[in-house]
Amino acid sequence: MNFDLHNFIILNSIMFITFEGIDLSGKSTQIRLLEDYLKGKKKKVVIVREPGGTVISEKIRDILLDKDHELMDDTTEFMLFSASRRQLTNEIIIPSLKSRHYVISDRYFDSSTAYQGYGGGLDLKMIGAVNSIASNGTVPDITFLLDIDINCWLKRKKSLSRSADRIESKKITYYRKVIEGYRNIARMNKKRFEVVDGSMNIDDIHRSLISSIHRFEKRKSQ
Ligand code: ADP
Ligand code: TYD
């Protein structure tokens, strides 16, 4: 397999933070607050989002989210997310961690496991194997799951009344599976995951993220 195991060792003392959760769970809102907080502490911070974050990955994003692409095969979809991820990892994430930046990613490989695996029914072992290649062996130090239920999602969706992209247009049953999938992934990766109730108010969530980060940093430095 083509990934560099030594990345893990070299990057051992810096923070790679990922945010997961269904659409509208509050990831971008919390990332903005966390970015301000870390920059206020004079930390170097790089923010990326998936799919996207590089010229090549943004082009893949356009293909993925285009509502005209109704014929897209589920495995094609997964491979495109993975291709976008591999490019982002090698072009931005690994170099940024090596130059001692905090990297905060709006989604990473857990999104594929939750959406294409638990939601779409693709084989979870196959997804795990491709995720390792796409991430080049890079594993987040901490992953925040902003957990909201389907009612909270519907409420936020109604209040925004924005038009849905191709992935968002999938059915509610699909979203339920994704929510449950995320909870499973978190249960199976307890050391890396922090599950946060995404229906709490914005400032309370922010405060809880900061204290988790401090706890993880302490644990890492021991
Ligand atoms: P995501 O990036 O996960 O799609 P956003 O951060 O864009 O989510 O938030 C989606 C919507 O929900 C926005 O209108 C945002 O203002 C609102 N929102 C975010 N967090 C909360 C919260 N904790 N409580 C209520 N509304 C929220
Ligand atoms: P985006 O507009 O970035 O949604 P959000 O702001 O909620 O993150 O669209 C990304 C969509 O792609 C979102 O519905 C989740 C989906 N997705 C997958 O299905 N698999 C993946 O691996 C990734 C990264 C995203």
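Candidates are the residues of region 59-82 that are under 16 Å from the mean Cα position of the chain (by Cα), away from ligand 1 (no atom under 16 Å from the Cβ) and within 16 Å of residue 105 (Cβ to Cβ); the one that is surrounded by the fewest Cβ atoms within 10 Å (Cβ to Cβ) is 82. Going through (1) free of Cβ contacts under 8 Å to residues at least 60 places away in the same chain; (2) in contact with a Pro (Cβ under 8 Å, 6 or more places away or on another chain) one by one, residue 131 falls short only on (2). As a summary of the residue check, residue 114 satisfies the conditions (1) of a type in the set (A, V, I, L, M, F, W, C); (2) buried (at least 16 other Cβ atoms within 10 Å of the Cβ); (3) more than 16 Å from ligand 1 (Cβ to nearest atom) except for the one numbered (3). For region 154-171, the count of residues that are among the β-branched types (Val, Ile, Thr), free of Cβ contacts under 8 Å to residues at least 40 places away in the same chain and surrounded by fewer than 21 Cβ atoms within 10 Å (Cβ to Cβ) is zero.
Taken together, the values in this text are just the output of simple stated rules run on the coordinates, not laboratory data. This is a predicted model, so every value here is computed, not measured. Counting neighbours? That spans all protein chains shown, and the Cβs are built from the backbone with ideal geometry, glycine included.
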